[in-house]
Amino acid sequence: MSRTIDSFIPEEKFSAFKREDLASHLPHAFEVLPPSCDTLSKTVFHQIQSLKQQCSTNSSLSSKDEDALDDGFMLCDLKIVQRKLKAWHLMFPRIKPFMALKCNPDQNVAHTLGLSPACGFDCASISEIKLALSSTGGNRKRCVYANPQRARADLEQSIKLGIGSMTFDGIEELQKIREVFDNHIEELKENGEEYESLEPPQMILRIVVPDGHSTVPLGEKFGASPDRVELLTEKAFDLGLDVVGVSFHCGSGCHDAEAYGTAIRIAKGAIDIIDSVIVRYNEMDGKKREPCCVLDIGGGYSGVDGIGGDLDRFTAISNDMNEPRFEGTTDEDETAYKVSTVVTPLVEELFPNDSSPIHIISEPGRYFVEAAFVYCARIYSAKVEKETGFRTYYISQGVQGLFKDVLLCDEIFIPIPLMVEEDDNSGTISMVNERSNGTLYESTIFGPSGESFDVVCKSCQLPEMKIGDWLIFDRMGAYTLSIAARDSSLPVRYILGGEGHVERDD
């Protein structure tokens, strides 16, 4: 049985990427931050300045960039994506991350991670599979089709693309996979194309584990009960499909590190059952099926790594991250590092590196991208209640767009104010440190729709803001652009700050 998923972690897992490597590999250009950008606000202001200067000099701007000055833009720091990958391998040295593209299928992020053989991709759709392949130079072994239930048309495309590893959680899906693969072979035969070397996709059984501590539980939608492992494995073998491993998911936004430990022990039991079925079937039919070789421990990790990967985001400052700092949260439990203190020793206990055939992968999504994006919103309308001083501001994205988690998860978004002044004569802009002696006012921020529920932030304390000022919303990389129902063409600008390259420019 040839391995169709690359779960091996190469020796060069800690290597960073030089600026020129990124520039030649990424589909969209990025800017290396100048040393003057030593805070998030200064970096955002620098981007606004650049856009205005390009407009004033009639430089060639895309329609998206032209809209950015009116409607706002997303800003991505590719340095953070690299640091997160390094932090992952410091915390989880035995576990290869397969980034969950459904969280944020940004091309530059995918291509940044695709440069490293130490990272693969968890794909839930055909568009994500194609992005993963383009990001890795067509390496199908760094892609797993981890959606246990697929439309037949999608399954047909994935098999034509040569994706060799898929999850499943039911008999019907197994039957569909077998039928689609057989039809593909018949089509190749009819067309006189080579088919003898092709093998059916290798199956990874998705099981249900406790996920009550997560923001978005997934167990009701996906996963087989552990008591069905034997039956499903037998059915797969009867259909001529190999089961090579087990996967689970503790739910998106899992807040309990111990949940991963519980799930891994359940998965170990499932692997033992599958291996026993393999032995029994090998004795029955004389085939040489190999033991399970993959355990996929899913996603759900915090966007805060806990060992300094978030430090000095969106700045030109470079910092080491080899020591735990718990930067970005006062609660150690809300970090990926906390999960690693449970998972890393348990993996060594249950699957010793020197004797176990099991290679372990995971599906972090939020972990990689949450901290790598901010949304920069221009205030296009404002109202003031003279009697109370209460302020109301309007921006171009609302709960039907980037801020959908206000409705879905009761998420609270508190903006960072960026006040600017424009010189009427020169057209240049400058940052304003304070207005009204620094007085803060009770404020509400609305999205652009006519719906009364389109409230981005119901109550926050802000200084006096005017039309043309900006609001910065931090940590906006996870499940924002990927699920926005309104205009999905929001401009994204890319920077490379701090230690985003080997030799830092000072």
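Below are the figures for this structure:
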| quantity | calculated |
| --- | --- |
| Residues (crowded, with 17+ Cβ neighbours inside 10 Å and either in a strand (DSSP E or B) or among the acidic types (Asp, Glu) (or both)) located in the stretch 231-267 | Asp242, Val243, Val244, Gly245, Val246, Ser247, Ser252, Gly253, Cys254, Asp256 |
| In the stretch 357-387, the residues that are in a loop (DSSP other than H, G, I, E, B) and free of Cβ contacts under 8 Å to residues at least 40 places away in the same chain | Glu385, Lys386, Glu387 |
| Search result, residues across the stretch 181-227 that are in a loop (DSSP other than H, G, I, E, B), modelled with pLDDT of 90 or more and surrounded by 15 or more Cβ atoms within 10 Å (Cβ to Cβ) | Pro200, Pro201, Val208, Val209 |
| Members of the stretch 161-180 that are over 24 Å from the mean Cα position of the chain (by Cα) and surrounded by 15 or more Cβ atoms within 10 Å (Cβ to Cβ) | Gly170, Ile171, Glu173, Leu174, Lys176, Ile177, Arg178, Val180 |
| Failed criterion for Ile361 (all others in (1) surrounded by fewer than 14 Cβ atoms within 10 Å (Cβ to Cβ); (2) hydrophobic (A, V, I, L, M, F, W, C); (3) farther than 30 Å from Asn433 by Cβ hold) | (1) |
| Unique residue being within 17 Å of Ile483 (Cα to Cα) and of a type in the set (Ser, Thr, Tyr) when the list is Tyr375, Tyr394 | Tyr375 |
| Search result, residues across the stretch 81-105 that are within 13 Å of the chain's Cα centre (by Cα), in a loop (DSSP other than H, G, I, E, B) and of a type outside the set (S, T, N, Q) | Pro105 |
| Pair list, Cβ < 6 Å and 6+ apart or interchain, from the stretch 96-110 residues that are over 16 Å from Arg142 (Cβ atoms) to residues that are among the aromatic types (Phe, Trp, Tyr) and surrounded by fewer than 24 Cβ atoms within 10 Å (Cβ to Cβ) | Asn108/Tyr494 |
| Checklist (1) touching a residue at least 60 places away in the same chain (Cβ under 8 Å); (2) buried (at least 24 other Cβ atoms within 10 Å of the Cβ) applied to Cys119, failing item | (1) |
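The values are calculated or read from the model by the stated rules, or taken from the named source; none is laboratory data. Bear in mind the structure is a predicted one, so any value in this text is a computation, not a measurement. FYI the Cβ positions are ideal-geometry reconstructions off the backbone, even for glycines, and counts take in every protein chain you see.
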